[in-house]
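Okay, so here's the structure we're looking at.
Just so you know, all these numbers are worked out from the coordinates, no wet-lab data involved. Since we're looking at a predicted model, the values are computed, not measured. With ideal geometry, Cβ positions are generated from the backbone for all residues, glycine too; neighbour counts draw on all protein chains shown.
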Amino acid sequence: MNGDRPSHPYGHDLLRQNVNLATLTEEDKAELALQLLLSVKTATLSKVTAKLVPLLHRDFITNLPIELAVQILGLTDASSVARAARVCKSWAVVALDPSVWRLLFRKYRFKVNRSFLEKCLSQPGLFWARALEKSATMSVKSAESHI
């Protein structure tokens, strides 16, 4: 064990015993894993970290079927959907799906005039999503003020 790293009182016991992992509680497994990690060199720890990081970062939008991802984004607001479209390409595919915006338009009863819509759709990139985000935010605020 490295003397400069903290240790757990029963961590040493778990490392010294012939342990059957199936009999350990989740807490004991976590403690054993921690003690193992504390006992390796920094270079090895770096390699383990590189393997663990992808397991900890779950991309729920990309991993879901598009129909479910559309439904989830449809439960949010226009600003959140527009921001989601800027996260990465796979999120943009879902966030810019017409079904998401159809859900939002129905949910918030957005009113967008035809010339504004044509201007937005004629712009390259995500300009139109940003414009709709601003329009939707103003529409929601306007609707809330009438409640």
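What is the extension gain from residue 33 to residue 58, computed as 0.36 nm multiplied by their sequence separation minus the C-alpha to C-alpha distance, in nm to one decimal? Extending this stretch completely gives an extra 6.9 nm. If only the Cβ of Lys and Arg carry +1 and only the Cβ of Asp and Glu carry -1, the dipole of segment 21-119 around its Cα centre is close to 740 debye.
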